[in-house]
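Okay, so here's the structure we're looking at.
The values are calculated or read from the model by the stated rules, or taken from the named source; none is laboratory data. Keep in mind it's a predicted model, so treat the numbers as computed, not measured. Using ideal geometry, Cβ is built from the backbone for each residue, glycine included, and neighbour counts are taken over all protein chains shown. Quick note on the areas: whole protein, heavy atoms, side chains included, nothing else; ligands and nucleic acids left out. Shrake-Rupley method; radii C 1.70, N 1.55, O 1.52, S 1.80 Å.
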Amino acid sequence: MDKILQAFNREYGLEYRCFLNYETPWQLLFATILSAQCTDERVNIVTKDLFQKYKSIEDFAQADQLELERDIHSTGFFKNKAKNIIECAKRLLYEYNGEVPKDINELVSLAGVGRKTANVIRGNIYKEPSIVVDTHVKRISQRLGLTKEEDPVKIEFELMYKLPREQWILYNIQVITFGRSICTARSPKCTECFLREYCKYYINHQK
């Protein structure tokens, strides 16, 4: 584990970054809801215009659902996402005075927010150590032999146990970069990989 983390740190550095574009906590929250089953690149294209049209939580809370569905159509699952964003905006206004809560239990009580989305908010907005189990983190953690679990929540807790707390957020960032550039879903570039000597997937496929 230590050698894997050291290799990640050497290759990608220790800079914290978010792959979704946002200016406010609520913008990141809604962008993350939109990112379900959608690429960050597509979400960033959509939110560039979306956050110009809907400039506040109030605008989203008062949005016409059919119109919002059209605005976010290209992110997929647009009916549920539009419904959840409107409901989420209303609760943020009426129960949290327009503030995005920090507590994970309060976050996951919001419409459209699961542990993945909650941990994105906690890590990026509140700098609370958290592990976001997206498709990259799940796939690569399994390939590296860090988990055999399939359920994202079980993977999250297993990684929390195995990784140093100060590495949790960095691991998310590094793995996403790694998953897009080298350890892709369909055709991983194992011969170019700086982790191949530690990778269960590579070792097993060499046999």
Item checked: Exclusive hit being closer than 28 Å to GLN174 by Cβ and touching a Lys or Arg at 6+ places or on another chain (Cβ under 7 Å), set THR75, THR135 -> THR75
Next item on the list: Considering each residue of the range 22-45, count those that are among the hydrophobic types (A, V, I, L, M, F, W, C) and surrounded by fewer than 20 Cβ atoms within 10 Å (Cβ to Cβ), and give that number.
Entry: 3
Checklist line | Candidates ILE182, ILE121, filtered to the one that is farther than 18 Å from LEU29 by Cβ and either open to solvent by less than 10 Å² (accessible area, probe 1.4 Å) or touching a helix residue (DSSP H, G or I) at 6+ places or on another chain (Cβ under 8 Å) (or both) | finding: ILE182
Next item on the list: Could you list all residues from the range 185-207 that are open to solvent by less than 90 Å² (accessible area, probe 1.4 Å) and in a loop (DSSP other than H, G, I, E, B)?
Entry: ALA185, SER187, PRO188, LYS189, CYS193, PHE194, LEU195, CYS199
Next item on the list: Report, by residue number, each residue of the range 7-17 that is open to solvent by 100 Å² or more (accessible area, probe 1.4 Å) and in a helix (DSSP H, G or I).
Entry: ARG10, GLU11
